[in-house]
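Okay, structure first, notes after.
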Amino acid sequence: MNPLGLGTLLCGMFLPWVTLGQESLCDQTDPRTIYEFQEELLDGSKNVSFSEFRGKVVLIVNVATF
């Protein structure tokens, strides 16, 4: 998996909610869009490019904790 790809994407999407009174860990200078990222399926069978979902409604749920 791309360790920066999805994290950077999610930080950019939720930046207004996660930075209220907190320090942001997102790289706000990253010009990439969701369509330039790809991630490995959970079973490891293949990589899926988010560009395959262009024009479709997609719900991304961030369940990671640290």
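Amide hydrogen proximity for Val48: with H placed 1.01 Å from N in the peptide plane, the residues at 5 or more positions away or on another chain lying under 5 Å are Glu39, Glu40, Leu41.
Peptide packing for 45-58, 27-40 was compared via the average number of neighbouring C-beta atoms within 10 Å per residue; ordered from the highest value, the list is 27-40, 45-58.
Bear in mind that the values in this text are calculations on the coordinates, not laboratory data. Here the structure is a predicted model, which is why all the values come from computation and not from measurement. Backbone-built Cβ (ideal geometry, glycine too); neighbour counts: all protein chains shown.
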